[in-house]
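Structure, as structure tokens:
The values are calculated or read from the model by the stated rules, or taken from the named source; none is laboratory data. Just so it is clear, the structure is predicted and the values come from calculations on it, not from any experiment. Here the Cβ is made from the backbone with ideal geometry for all residues, glycine too, and neighbour counts use every protein chain on show.
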């Protein structure tokens, strides 16, 4: 392996490592105003460096990579491949950061939910029920005016607290 190829591989590996850290949310470098993302995101820089390195390594091996001119040509080909990769990395990371999400469920979302009793509910105490809120199963403490047996189908009448409800059978 030519020395130029090894340098390109190190650049590519460093770019991939920084990209992984950037996508996991770490803030390593800020370019531009520190209060905003700046004109160039870290993901774009890391994507550029990764493709420049690996693209340059491939081009260097294909060109022979023994002379300074061949290494410079390989760097040019790597940069040519790296520009669209940097643009794509910036677009994808921006899309992931700005992705819309559903509102966080509140205790008001529990009222009217249907579920099943997973621990019998006595007349003077708490049992447990499993309901679906926002498509996710949630296990809650439950009270009822009458005892309710294990496996009975219920619906939530009132949310007493964030983790306990008043239920009835249906």
Handout entry: Of all residues making up region 134-161, the number that are touching a strand residue (DSSP E or B) at 6+ places or on another chain (Cβ under 9 Å) and closer than 30 Å to residue 101 by Cβ
Key = 14
Completion exercise
Of 55, 65, the only residue that is at pLDDT below 85, in contact with a helix residue (DSSP H, G or I) (Cβ under 8 Å, 6 or more places away or on another chain), surrounded by 13 or more Cβ atoms within 10 Å (Cβ to Cβ) and over 30 Å from residue 169 (Cα atoms) is 65
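Residue by residue, here is whether (1) closer than 30 Å to residue 130 by Cβ; (2) over 23 Å from the mean Cα position of the chain (by Cα); (3) not in a loop (DSSP other than H, G, I, E, B) holds:
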site: 44; (1), (2), (3): no, no, yes
site: 82; (1), (2), (3): no, yes, yes
site: 86; (1), (2), (3): no, no, yes
site: 89; (1), (2), (3): no, no, yes
site: 104; (1), (2), (3): yes, no, no
